[in-house]
Amino acid sequence: MQAGDRDSASLWDMAQAIRRIQEFTADASCETYLESVLMQSAVERQLGILGEAAGESFERVSAVPSRN
């Protein structure tokens, strides 16, 4: 997979994770969230996906030589 394709895939993964978090929590109060281990687990999983995709993107950007 080329770098541009990987960047697009990472951005898609991040956007998808955010959409899922919004979907999972849309009608939930803070109390409901705190009482639902299932909801917490689902949100935590998506946060993990978001972090992993962001980390991969950061690694690719960090690997680009500086123009200085």
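The values are calculated or read from the model by the stated rules, or taken from the named source; none is laboratory data. Source: prediction; values computed, not measured. Note that each Cβ is placed from the backbone with ideal geometry, even for glycine, and that neighbours are counted across all protein chains shown.
Results, tabulated for the structure shown:
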| item | result |
| --- | --- |
| Residues satisfying the stated conditions in the stretch 26-47, i.e. surrounded by 15 or more Cβ atoms within 10 Å (Cβ to Cβ) and closer than 26 Å to Ser57 by Cα | Ala42, Val43, Gln46 |
| All positions within the stretch 1-39 that are polar (S, T, N, Q) and touching a Phe, Trp or Tyr at 6+ places or on another chain (Cβ under 7 Å) | Thr25 |
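Residues checked against (1) touching a His at 6+ places or on another chain (Cβ under 7 Å); (2) in a helix (DSSP H, G or I); (3) modelled with pLDDT of 95 or more; (4) surrounded by fewer than 14 Cβ atoms within 10 Å (Cβ to Cβ):
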site: Ser8; (1), (2), (3), (4): no, yes, no, yes
site: Gln22; (1), (2), (3), (4): no, yes, yes, yes
site: Val61; (1), (2), (3), (4): no, yes, no, yes
site: Val64; (1), (2), (3), (4): no, no, no, yes
